[in-house]
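The values are calculated or read from the model by the stated rules, or taken from the named source; none is laboratory data. This structure is a prediction, so every number in the text was calculated from the model and none was measured. So basically every Cβ, Gly included, is an ideal-geometry build from the backbone, and we count neighbours across all protein chains shown. Surface accessibility is based on the protein's heavy atoms, side chains included, excluding ligands, DNA and RNA. Shrake-Rupley method; radii C 1.70, N 1.55, O 1.52, S 1.80 Å.
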Amino acid sequence: MELPKKTPVRSYKTEFKKNETPISEGGLWLNGRKDGIDWCDVLVKDGVAFGEVSRNRAAERRAEQATLGAGIEGAPVGDYDDPTAVLTGKWGPNQYGKGRVFTRNQTDKYFQEAQIRLRHNMSANFCNGYEVFFRCLNSDAGYAEIVRWNGPVGGWTSLKKLIGAKYGVKDGDIIEASIVGDVVTGYLNGEEMISVVDDRIKSGSPGIGFNFGVATTNVDHGFSSFEVHTYD
C-alpha cells in the first residue's frame, strides 16, 4: 500500500535487536500483563517478538476445529488473554502498521495469529482498539480478520472474517494494517485483503499481538520487524 503523501506526526521502526521480557525498548511499550494485567506480555528473543504462554484455563474452541475433535460448533470459548504490546505516548488517529512475519512448524491444531493493533488504549483491566490479523497457516484454513476490542478481557466484536489459502501467511510475509477515518484495512504482501467501516474508537496507539491458547507453539510465530506511521 502507498503511504499518505504528507509528513507523519509520529513514526517508529524496530527489528527487535534486544532480548527483553517483556518488550520495552527503553520504555516505549506497554504490555498486556505488566500494564493491562488481564492479558499476556510480548517477549523478544533472537530478533523475534512473540507472545508469552497464555494462562487461559479453557482451550479455545471454534467451528473450524470440528475435524480436530474439539467438540462443539459455535462461538469461541476461552479467556482471551492475548499477548499484547502497545506503543506509549500520543499518536495521530490515522495509522499504518507493517510487520514481517516469522513462522515455523505451522500446525492446524492451534490458531496462531500475527496481529497488528490500531488505536489501542491500554490501562489496568482495560484495552480497546482495532486488531487486524492473519493466521500463520499456509493452507485452506488460513484466514484474515478484523476485530474491535471493547475494553474488558474477553469483550470483543468480530467485524469481518475471510477464510481461505490466500489469507494464510508463511515465513517472511509482510502484513500491513491501516485505519483512515472509520475505514480499517488489512494487507498481505502489498495486496488489500480485508476492510471494514467502524467508528467506535477515535484514537489510541498502534501495536502488535498474538492469539491466546497456542500452548508452547508461542515461540513458533511472531514478528521479525515492525514499523508504524501515524497522521492527523
Completion exercise
Apart from one, (1) in contact with an Asp or Glu (Cβ under 7 Å, 6 or more places away or on another chain); (2) part of a strand (DSSP E or B); (3) buried (at least 23 other Cβ atoms within 10 Å of the Cβ) all hold for Leu137; the odd one out is (2)
Practice task
Tell me which residues, restricted to the range 160-184, are free of Cβ contacts under 8 Å to residues at least 60 places away in the same chain and either farther than 20 Å from Pro8 by Cα or under 16 Å from the mean Cα position of the chain (by Cα) (or both).
Solution key: Lys160, Lys161, Leu162, Gly164, Ala165, Lys166, Tyr167, Gly168
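Against the definition (part of a strand (DSSP E or B) and surrounded by fewer than 16 Cβ atoms within 10 Å (Cβ to Cβ)), how does Asn128 come out, yes or no?
Answer is no for this residue.
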Problem - Selected residue (only one of Gly151, Gly97 is open to solvent by less than 10 Å² (accessible area, probe 1.4 Å) and either modelled with pLDDT under 95 or more than 23 Å from Gly172 (Cβ to Cβ) (or both)) - result: Gly151
Fill in the blank from the handout: Filtering the range 1-21 for residues that are part of a loop (DSSP other than H, G, I, E, B), touching a strand residue (DSSP E or B) at 6+ places or on another chain (Cβ under 7 Å) and among the acidic types (Asp, Glu) leaves a count of 1
Exercise for the section: Look at Lys90 and say whether it is part of a strand (DSSP E or B) and open to solvent by 30 Å² or more (accessible area, probe 1.4 Å). Expected result: no
Problem - Residues of the range 133-159 that turn out to be in contact (Cβ under 8 Å) with a residue 60 or more places away in the chain, of a type in the set (A, V, I, L, M, F, W, C) and over 21 Å from Asp220 (Cβ atoms), as a count - result: 2
Problem - Which numbered condition Gly172 fails, given (1) assigned to a loop (DSSP other than H, G, I, E, B); (2) open to solvent by 50 Å² or more (accessible area, probe 1.4 Å); (3) closer than 21 Å to Gly99 by Cα - result: (2)
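Could you check how many residues of the range 207-222 are among the aliphatic types (A, V, I, L, M), in a helix (DSSP H, G or I) and at pLDDT 95 or above?
1
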Exercise for the section: Evaluate the range 186-206: report whether one residue or more is in contact with a Lys or Arg (Cβ under 9 Å, 6 or more places away or on another chain), buried (at least 23 other Cβ atoms within 10 Å of the Cβ) and not in a strand (DSSP E or B). Expected result: yes
Completion exercise
Restricting the range 129-148 to residues that are over 23 Å from Gly92 (Cα atoms) and of a type in the set (A, V, I, L, M, F, W, C), the one modelled with the lowest pLDDT turns out to be Ala141
